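Engineer: This structure is in structure tokens; I'll ask about it shortly.
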Amino acid sequence: MVERQLPVRLSPLEPEYHPGSHGNFEQGVDVILSETRPGSILQLAAWPGEEKRLMSAIYKVAGLALPDGAGGGVANGVRAAFGFAPGKFTVVDEAEGLAAAFCGVVTPDVGTVTDLSHGRTAIRIAGPKAEWVLAKFFAIDFALTAFPVGAGRSTTHHDVFAQIQRSGGDQFDIYVFRSFARSFWKALCHASEEVGYEVQ
Amino acid sequence: MLITCPYCGPRDVIEFTYQGDGNRERPQPASQDIDAWNAYVYDRLNPAGDHNEIWQHSGGCRAHVRVVRNTLTHDISSTAFAHGGHKSAARHRTEAKS
Ligand SMILES: [Zn+2]
């Protein structure tokens, strides 16, 4: 029998991913940048009127109770979910195989499951200047009152689409197209230089 | 100019794509009513004031949004989903001024 080899998961950021402290860090590191490399990144969409059934499917499969309301979300460190458009949700898991788990539950009369695990790159920015750095890219309100913990936003940087979830008080997870990820990463590093940043 | 998306809230106009005059009524595809097609393609109210428009939040949630914009001042007096299906998702509703 031929031995099956698991494919090596490569990061699109690799040539530009340099762990350590960079920029103006003598006064302290004010943001920490990292690639979270989740095993599963899914897009779930409900047909009109089926949103509640899709949200209960997310609870059943991922154990995440989504709050009502546009852009509502939840993150527990292992899994995360948030609304990014009417009736549409991003669901993320550290582990692979989440799409298969949803397939039997999100039936064709409820909506659709699209596996984007290889199509998106997840970049985390954390620290006291995270809002400051992100505000250079995205024309949205990052204040905690306007953008609460767990919530998600769909927006653009330089006309390129991105999804952002606030996964902590001063921590954001940004989902960008894999093919644009290295470009965005380099820009994010440049924008973080003035505050001092560490790549983990 | 800020447009309040019913889903995302106020966003810069750069995130939106103009989809045209919101007053038009497209005839059925099989229609052979020449006058109706002519009106759909060419007739515009071109008001100096409030104007019904369709915008897409293409750089955000991608919803189509029905917008009333004043062509003289750029004031936007109301926005709502152009399609009814996901009405329950609306959080940021602006109402027409009375
Ligand atoms: Zn929107």
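The values are calculated or read from the model by the stated rules, or taken from the named source; none is laboratory data. Just so you know, these numbers come straight off a predicted model, no measurement behind them. Using ideal geometry, Cβ is built from the backbone for each residue, glycine included, and neighbour counts are taken over all protein chains shown.
Engineer: Can you tell me which residue within the stretch B:64-76, out of those that are closer than 26 Å to A:Asp159 by Cβ and in contact with a strand residue (DSSP E or B) (Cβ under 6 Å, 6 or more places away or on another chain), is farthest from the ligand (Cβ to nearest atom)?
Structural biologist: Top of the filtered list is B:Thr71.
Engineer: Could I ask something else about it? Listed residues B:Thr79, B:Thr4; which is in contact with a Cys (Cβ under 8 Å, 6 or more places away or on another chain), within 12 Å of the ligand (Cβ to nearest atom), modelled with pLDDT of 95 or more and of a type in the set (Ser, Thr, Tyr)?
Structural biologist: Every option except B:Thr79 fails the conditions.
Engineer: Hey, can you tell me all the residues within the stretch A:51-80 that are of a type in the set (Asp, Glu) and surrounded by 18 or more Cβ atoms within 10 Å (Cβ to Cβ)?
Structural biologist: Hit for the stretch A:51-80 is A:Glu51, nothing else.
Engineer: Separate question: Quick test for you: out of A:Thr114, A:Thr156, A:Thr90, A:Thr145, pick the one residue that is within 30 Å of A:Gln27 (Cβ to Cβ) and among the polar types (S, T, N, Q).
Structural biologist: Working: A:Thr114 fails: within 30 Å of A:Gln27 (Cβ to Cβ); A:Thr156 fails: within 30 Å of A:Gln27 (Cβ to Cβ); A:Thr90 fails: within 30 Å of A:Gln27 (Cβ to Cβ).
Answer to the selection: A:Thr145.
Engineer: A follow-up question, please. Answer yes or no as to whether A:Gln5 is outside the structural domain of A:Phe177 (by TED's automatic domain parsing), free of Cβ contacts under 8 Å to residues at least 40 places away in the same chain and either touching an Asp or Glu at 6+ places or on another chain (Cβ under 8 Å) or farther than 19 Å from A:Val149 by Cα (or both).
Structural biologist: When the stated conditions are applied, A:Gln5 passes them.
Engineer: Identify, by number, the condition in (1) outside any loop (DSSP other than H, G, I, E, B); (2) over 25 Å from A:Ser34 (Cβ atoms); (3) within 16 Å of the ligand (Cβ to nearest atom) that A:Thr112 doesn't meet.
Structural biologist: For A:Thr112, the failing item is (3).
Engineer: Is it the case that the stretch B:8-24 has a residue that's in contact with a helix residue (DSSP H, G or I) (Cβ under 9 Å, 6 or more places away or on another chain) and near the ligand (Cβ under 10 Å from one of its atoms)?
Structural biologist: Yes, there is a match, as at least one residue in the stretch B:8-24 is in contact with a helix residue (DSSP H, G or I) (Cβ under 9 Å, 6 or more places away or on another chain) and near the ligand (Cβ under 10 Å from one of its atoms).
Engineer: For residues that are in a helix (DSSP H, G or I) and surrounded by fewer than 14 Cβ atoms within 10 Å (Cβ to Cβ), scanning just the stretch B:33-57, find the one that is nearest to the ligand (Cβ to nearest atom).
Structural biologist: B:Val41
Engineer: Is it the case that B:Ala30 is farther than 30 Å from A:Asp68 by Cα and either within 16 Å of the ligand (Cβ to nearest atom) or of a type in the set (Gly, Ala, Ser) (or both)?
Structural biologist: Yes, satisfied.
Engineer: Ok, one more. Of all residues in the stretch B:1-13, which are within 11 Å of chain A (Cβ to nearest Cβ) and either part of a loop (DSSP other than H, G, I, E, B) or closer than 18 Å to A:Phe84 by Cα (or both)?
Structural biologist: The answer is B:Cys5, B:Pro6, B:Tyr7, B:Cys8, B:Gly9, B:Pro10, B:Arg11, B:Asp12.
Engineer: Sticking with this one: Go through (1) under 27 Å from A:Gly83 (Cβ atoms); (2) modelled with pLDDT under 95; (3) more than 14 Å from chain A (Cβ to nearest Cβ) and name the single condition B:Arg24 misses.
Structural biologist: It fails just one condition, (1).
Engineer: Of the conditions (1) under 15 Å from the mean Cα position of the chain (by Cα); (2) outside any loop (DSSP other than H, G, I, E, B); (3) within 14 Å of chain B (Cβ to nearest Cβ), A:Ala80 satisfies every one except a single condition; which number is it?
Structural biologist: Just one mismatch for A:Ala80, condition (3).
Engineer: Still on this structure, please answer the following. When you scan the stretch A:175-184, do you find a residue that is in contact with a helix residue (DSSP H, G or I) (Cβ under 6 Å, 6 or more places away or on another chain), surrounded by 21 or more Cβ atoms within 10 Å (Cβ to Cβ) and not acidic (Asp, Glu), even just one?
Structural biologist: yes
Engineer: Let me ask something else. For the stretch A:146-189, what are the residues that are in contact with a His (Cβ under 8 Å, 6 or more places away or on another chain) and of a type in the set (Phe, Trp, Tyr)?
Structural biologist: A:Phe184
Engineer: Being within 14 Å of another protein chain (Cβ to nearest Cβ), among the hydroxyl-bearing types (Ser, Thr, Tyr) and buried (at least 18 other Cβ atoms within 10 Å of the Cβ) narrows it down to one of A:Thr90, A:Thr121, so name that one.
Structural biologist: Result: A:Thr90 is the single residue among A:Thr90, A:Thr121 that is within 14 Å of another protein chain (Cβ to nearest Cβ), among the hydroxyl-bearing types (Ser, Thr, Tyr) and buried (at least 18 other Cβ atoms within 10 Å of the Cβ).
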